[in-house]
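The values are calculated or read from the model by the stated rules, or taken from the named source; none is laboratory data. Please read these numbers as outputs of a predicted model, since none were measured by experiment. Note: ideal-geometry Cβ built from the backbone for every residue, glycine included; neighbour counts use all protein chains shown.
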Amino acid sequence: MSRLLSSALSLRRDPRMLKAPPYLSFACILIGLIWLLVLPLDEYSRRTYISENALLPGQVHTYFGGSEQHVFRAYKEEVAALSGKDTHEINNNIEEILKGFGVKVGRQSYTYGAAGGAYSGENVYGILQAPRGDATEAIVLVCPWKTIGGSENRVGVALSLTLARYFKRWSLWSKDIILLFPPEPKVGTQAWVDAYHDAHDPRHVSPLPLKSGALQGALAIDYPDDHHFSTLHIIYDGVNGQLPNLDLINAVGWVAGNQMGIPSFIQGQYNHQNTYQDRLKTMFRGMLSQGLGNVAGAHSSFIPYHVDAVTLQPWGMGHQDEMAMGRVIEGSFRSLNNLLEHLHQSFFFYLLMSRDRFVSIGTYLPSAMLLAANFTIMAIFLWVKSGQAPKTEGDDSKEKSTTLDTSNTVERDMLLPAAIVAGSHALGMIPLFIFNRLPGDVLPHAFAIFSAISIVLPLIVSHLLTSFYKPTVQQSQLTKSFSLLVLGLSLSTLATLNFSLSFIIGLLASPLSFVQPTKSQPLRWAFASLLSLIAPPTIVYTAAVVAGADVGDLLRDASFGWNVLGVYTPVAIWGVWWPAWTVGTVNVLGFAAA
Amino acid sequence: MLLPIRLLAVLATSLFLPLAFAEHTNNWAVLVGTSRFWFNYRHLSNVLSMYRTVKRLGIPDSQIILMLPDDMACNPRNAFPGTVYSNSNRAMDLYGDNIEVDYRGYEVTVENFIRLLTDRVGDEMPRSKRLLTDDKSNILIYMTGHGGNEFLKFQDAEEIGAWDLADAFQQMWEKKRYHEILFMIDTCQANTMFSRLYSPNIIATGSSELDQSSYSHHADNDVGVAVIDRYTYYNLEFLENQVKDLSSQKTVGDLFDSYDISKIHSNPGMRYDLFPGGADVARSRLITDFFGNIQNVEVDQKENGALEEELLELGRTIAMLRQKEADEASQYNNATSVPASQPTEPVKHVRGATALTDDNWWTKKVVGATALAGCIGLWALGSFLET
Amino acid sequence: MTFRGKAGIYAIAVLLRLVLFFAFPGLPDLLTGRVEISTPVTSFKRLEEGLFLYNHNVWPYDGGVYHQAPLLLPLFSLLPDSTSWPIFTPLLYILIDLLSADALVKIAASGEAGKSRLYTSPRQGKGSTGLVIAAAFLFNPLTIASCVGRTTSVFTNCAILFAIAKAVQGFSFHAMVALSFASYLSMYPVLLLPPLVLLAYDRRAYQKTSVLKFSALNVLVVAGCLSVLLGMSYALTGNSWEFLARTYGIQLTLTDLTPTVGLWWYFFIEMFDSFRSFFLALFWLHLASYVGGLSIRLRNQPLAALAVLLGIFSIFKPYPSISDTSLFLGLFSLYTHLLPLMRYTYVASATLMYASFLGPAFYHLWIYAGSGNANFFYAITLVWSLGQSLLVSDLTFAVLRDEWEVERPEMVGKEAKQI
């Protein structure tokens, strides 16, 4: 045992130990990536299952149908008559209808400003009190007037009104049912949920006149046209990549699939054949959506408040009609009704490969952690290297030193490197501030100017440093060490909150571990150009091109997300990734006067 | 002080009764549900079905202890409010009228259950909540809920172990609180629960073996939950079809033989070894000995003058005891005639709510300045001393 | 260090704090609400509550929210109302920070860290200048967060630093008065009495009296000051001693189990009642047990003993916060001449940085997102305590090794075999 220990300790002094870390880093990145690629296989993913015994999905007969169809048609006519009218008039009508069957109604107005535009509107909502319940809990049925795609949610609204009238006639609700009709699915719900929890900004959002109990769950309907559908699209992404409890998706999928015979799918993969490619595609789409963290539907704003919510979108051409959709909602609500507490038995962190295949956080987290660890390994390696005495030229060929004398550690001059890293991160506040405050039409131009500055900035900084401070090799190593340490630190923390964002940034920033200042000038320029390819502004432009969207739209969405929804993706990009990239490029351009 | 005298009187009376016959004279039933929450509806309907069965066979409410930990009938999720059904045909409402629940809601705890069995309760416990059995009582004890290896979960918060139960039964035996017990339990791994019993005169039966689950029978798709468990369902089937009234001669053995493992989907178990005479005698006991209310009458056989003499003796003893009681009562009354002017309890001062007042603003500032001056003075003292 | 340098550092520090206070209006309240900064016995919000009750003639300890020393109330009530004049409270806290930094500078300028009466370090003179130490303290994010979060432990920290500074300058009476103030505000500084007395003795009084007489005198001084302060509190809280149970009693019995960055709250949440008193006594005994050993072993360097003790207290006291850590780091910076002897600085700093990033993340997951539980947050506080323990033990190792190298000069630069 002691021999093992002493041999392990003597390994510490072996100079070969210092050669290993870069390879170790590379291995970490590779394994991290491959880890993600093997997840869709059957051995590593699992079928979904209902964890909460209280849910009992699909165990009740649903009676929505029959004469309700006539009521639905009547409401559909009324809704069609409101087409194209302004929000206030629409809300008046909805209020009349809701009051007509005895539901208490409240209204709320809001005005947000983001990217120079004003997002204002008025929500109308009704509270259906459970006759025998005690009003301490509530479930929400959200039906925005406009769908996610921008068209009018006609069938959805009519169906919600019919369902409301239908629900009112049952006395078996243990929770109040709230019917929310925001004008559109992104801003209105956020304003309502913020005000419901008294977390709203009083300058932008007016408070709610009526409230009920603690929200336990929410379903949103997105149903523009009244064609007969075949499958159900479940949208579950929340703001900042937070996901609802898996049991909600399981329960809705069960009710739709096993009880009503309507298959469901996720992430737009309506043609999922359960092959490896389909699973991988679904997973990547989910990761992209989670990483961007923006709002995916009317349900997204509920999730940060620990209220599980999904949006249901009927899809495809088939033979299921709106009554079937109504029964799906009825069955889901009956399941939610059975709950005694927030869903907590199933997973909050998961990656779905298909509607019924998932991996949980214990299985997928190591991939992002490995990516973050690779930066930490390089940081430690550079720290140790910076502490070694510099070798004089000429005498390292003959004497192969087999041990490292630990007393050879030199003093580290840490002030300049720390200042560079701290300064660069502080500088990151500027693009964050600018892109969240500028009006929308100026944004693309400002971004273009900023990208140009961003490419040139490392050159300027490098030139200034070499002229004024004459930094040493050790300081260059320390700069990179500190920068990578902060990057690894931030990405590990981010991985616990938003796995996909951490993974994406980690992957895109991984070349920063390996580039180093070299002696030859052309090689330095080559490295710098390569790094420019993975600069955050470049990636943003590339993403816009690949997605076929306008850069201005992307930026406006980002600004909207920050100002209205509290999305923190811009902080990760401009406050963590961009400073790390800048310091890395400065380092590559070389400011060592050796 | 007065009570022991009365107790002595009762004891004296009982001493002179003729010898008891080896038969039970009264029947009791202890029906315990241990689960709460809506999705455990079937456990309560199990208990309620047993309740209705023993009531049908004559045991009165005063001799049934019914423990229901949750209210399924009035649960807002119940589509048929005020009812509990054990069958999806909804033919019979088990709750309805004429029900007496003795322990309800959070009163159903392990401690209360054990206190009930051993009768270690305080003076304030009402009679309806006590198991007032004697050594001639046959008791049916039925328990259902979520269980495991030698434990039964009470209300999702605590558990009772097989040893706790065995010790409670032993206490009952030592206190002569039962004649014979039929212990029936319907949970997962139920048979482990009676594996530790060591008191005589107990027949035990359970729904499943170690590492086996017990299953529900069927669900009602309008109530939305499973409404009865398999083991109880088949017990009830036997009891309703074969034991129609008190004259039924069906035995415990017949009941046990009716268990069909392919229908119950688990292995029900029985335990006869605690019964004197073993399996044969145990299985020959009638169902109505436990589920019904047979009142065996003990007829006094002796027809001689010794009876009058004994009665006379008894009368004299009672008179003497009464006299003693009267003497002691008068003594007590004399002792307690103290002057009424002295208060016997300290008067409780009720503190009213303190009123918030905003005056004294200047006082506060002065106090503050004084405090600051005091601290500075302390510091200055130091400077003075240090120089 | 020059006056200009010092003034420059102080000016930048003041400016930074003023900017943080007023350019980000939500920041002070956000920081005051965080459990890493505010504890039940140091929270500014609770102080405001107590102040309100005091100003409205209600006994401030009614309601079980305010657990801090009574004298803070009249002193704070001297400040104008914070809603109409919101500048004064920030100015007070900035002043306290400056005074603490000044005390640190005085301690550094005395050179006690390198050369005490009984011991001279071979690395004396290689330490940081007073300017660097002041900057390290004032620009430490932990110090800034404690200042902007307005926790009242900054008063205790200031008093402790004053006590040490005065002792180093030889003013033992002042030192004892300052220590009494610190002990009065939080209980634990009274445990610093032995090394402080030794420090004061070493710096001036060794010529005049014996150690025993000097210690006895100083203990009397502390006792006297404390009794004066407690007497004032007695008079202030309506002539009753009940405030003792509500202030010091809370720290002794840990009745308020709000999460902190410490180790105690989680333990005592899950403790069975019958064992509570035993474990409370054990934890307090553990805290107090380091005083004797360190004072004896580090008799030659009482300042080092104080630094190590403060590090230990910031880990093991009942309601620690990051301001205790900032105090320890302030004293730690006096020993930068021993940095080459320390073995784990990188690991310890990285651990502390990781814990300070992951802690708020896991707290968010526990309290707001609801997808984590208390174990997540407690695990990170354990990592935080681990990082601090590494620093404390590394400092002790370095101090002891430094002493050892004076006896064994041939071992300079070589690995020491530890048994």
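Within the stretch B:206-257, restricting attention to residues that are β-branched (V, I, T) and more than 21 Å from B:S86 (Cα to Cα), which residue is farthest from the other protein chains (Cβ to nearest Cβ)?
First, pick out the residues of the stretch B:206-257 that are β-branched (V, I, T): B:223, B:225, B:227-228, B:232, B:243, B:251-252.
From the residues that got through so far, the ones that are more than 21 Å from B:S86 (Cα to Cα) too are B:251-252.
On the way: B:T251: 38, B:V252: 34 Å.
Residue satisfying both the conditions and the ranking: B:T251.
Only residues that are surrounded by fewer than 24 Cβ atoms within 10 Å (Cβ to Cβ) and at negative phi were counted across the stretch C:163-173, and they come to 3.
Among the residues of the stretch C:43-63, the ones that are within 9 Å of chain B (Cβ to nearest Cβ), of a type outside the set (A, V, I, L, M, F, W, C) and assigned to a loop (DSSP other than H, G, I, E, B) come to 3 in all.
Go through the residues of the stretch C:71-86 one by one and say whether even a single one is closer than 30 Å to C:L217 by Cβ, within 14 Å of chain B (Cβ to nearest Cβ) and free of Cβ contacts under 8 Å to residues at least 24 places away in the same chain. Among the residues of the stretch C:71-86, at least one is closer than 30 Å to C:L217 by Cβ, within 14 Å of chain B (Cβ to nearest Cβ) and free of Cβ contacts under 8 Å to residues at least 24 places away in the same chain, which makes the answer yes. Pairing residues of the stretch C:223-240 that are in contact (Cβ under 8 Å) with a residue 12 or more places away in the chain with residues that are among the β-branched types (V, I, T) and in a helix (DSSP H, G or I), at Cβ distances under 9 Å and at least 6 apart in sequence or on separate chains, gives C:C225/C:V177; C:L226/C:V190; C:M232/B:T370; C:S233/C:T247; C:L236/B:V367. A residue that is surrounded by fewer than 20 Cβ atoms within 10 Å (Cβ to Cβ) and touching a residue at least 12 places away in the same chain (Cβ under 8 Å) occurs somewhere in the stretch A:472-490.
Residue by residue, here is whether (1) closer than 20 Å to A:V187 by Cβ; (2) surrounded by 18 or more Cβ atoms within 10 Å (Cβ to Cβ) holds:
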site: A:P536; (1), (2): no, yes
site: A:A547; (1), (2): no, no
site: A:A558; (1), (2): yes, yes
site: A:V567; (1), (2): yes, yes
site: A:A580; (1), (2): no, yes
site: A:V583; (1), (2): no, yes
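Among the residues of the stretch A:115-137, those identified as within 14 Å of chain B (Cβ to nearest Cβ), more than 21 Å from A:N91 (Cβ to Cβ) and among the aliphatic types (A, V, I, L, M) are A:A130, A:A135. When A:M317 is tested against (1) more than 14 Å from chain C (Cβ to nearest Cβ); (2) crowded, with 24+ Cβ neighbours inside 10 Å, only condition (2) is not met. Restrict the check to the stretch A:199-220 and report whether at least one residue is within 14 Å of chain B (Cβ to nearest Cβ) and either more than 30 Å from A:R46 (Cα to Cα) or hydrophobic (A, V, I, L, M, F, W, C) (or both). The answer is yes; a qualifying residue exists. Please verify whether A:R203 is more than 23 Å from A:S335 (Cα to Cα) and free of Cβ contacts under 8 Å to residues at least 40 places away in the same chain, treating the condition exactly as stated. In short, yes.
When residues in the stretch A:324-340 are screened for being among the charged types (D, E, K, R) and either outside the structural domain of A:Q216 (by TED's automatic domain parsing) or touching an Asp or Glu at 6+ places or on another chain (Cβ under 9 Å) (or both), 0 of them pass. Keeping to the stretch A:456-479, report how many residues are closer than 18 Å to A:T582 by Cβ, in contact with a Ser or Thr (Cβ under 9 Å, 6 or more places away or on another chain) and away from every other protein chain (no Cβ under 14 Å). The qualifying residues number 8. Among the candidates C:V383, C:V399, C:V412, the residue that is within 14 Å of another protein chain (Cβ to nearest Cβ), farther than 22 Å from C:W284 by Cα and not aromatic (F, W, Y) is uniquely C:V412. Of all the residues in the stretch C:192-210, those that are more than 12 Å from the chain's Cα centre (by Cα), in a helix (DSSP H, G or I) and either surrounded by fewer than 24 Cβ atoms within 10 Å (Cβ to Cβ) or without any contact (Cβ under 8 Å) to a residue 40 or more places away in the chain (or both) number 10. Here B:N293 meets each of (1) modelled with pLDDT under 85; (2) surrounded by 13 or more Cβ atoms within 10 Å (Cβ to Cβ); (3) not in a helix (DSSP H, G or I) with one exception, condition (1).
Restricting attention to the stretch B:115-141, the residues that are buried (at least 18 other Cβ atoms within 10 Å of the Cβ) and more than 11 Å from the chain's Cα centre (by Cα) total 6.
A:V255 fulfils the conditions (1) buried (at least 24 other Cβ atoms within 10 Å of the Cβ); (2) over 24 Å from the mean Cα position of the chain (by Cα); (3) part of a loop (DSSP other than H, G, I, E, B) except for a single criterion, (3).
Yes/no matrix, rows are residues, columns are (1) in contact (Cβ under 8 Å) with a residue 60 or more places away in the chain; (2) in contact with a helix residue (DSSP H, G or I) (Cβ under 8 Å, 6 or more places away or on another chain); (3) within 14 Å of chain B (Cβ to nearest Cβ); (4) aromatic (F, W, Y):
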| position | (1), (2), (3), (4) |
| --- | --- |
| A:E96 | no, no, no, no |
| A:K104 | yes, no, no, no |
| A:I139 | yes, yes, yes, no |
| A:N153 | yes, no, no, no |
| A:K168 | yes, no, no, no |
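Whether any residue in the stretch A:452-464 is touching an Asp or Glu at 6+ places or on another chain (Cβ under 8 Å), at pLDDT 90 or above and either among the aliphatic types (A, V, I, L, M) or assigned to a helix (DSSP H, G or I) (or both) is what I want to check. Scanning the stretch A:452-464, I find no residue that is touching an Asp or Glu at 6+ places or on another chain (Cβ under 8 Å), at pLDDT 90 or above and either among the aliphatic types (A, V, I, L, M) or assigned to a helix (DSSP H, G or I) (or both), so the answer is no.
Of the residues C:Y354, C:Y368, which is without any contact (Cβ under 8 Å) to a residue 24 or more places away in the chain and at the interface with chain A (Cβ under 9 Å from one of its Cβ atoms)? Quick ask: steps written out before the conclusion?
Working: C:Y354 fails: without any contact (Cβ under 8 Å) to a residue 24 or more places away in the chain.
Residue meeting the stated conditions: C:Y368.
Restricting attention to the stretch C:236-259, the residues being farther than 30 Å from C:R276 by Cα and at pLDDT 90 or above number 0.
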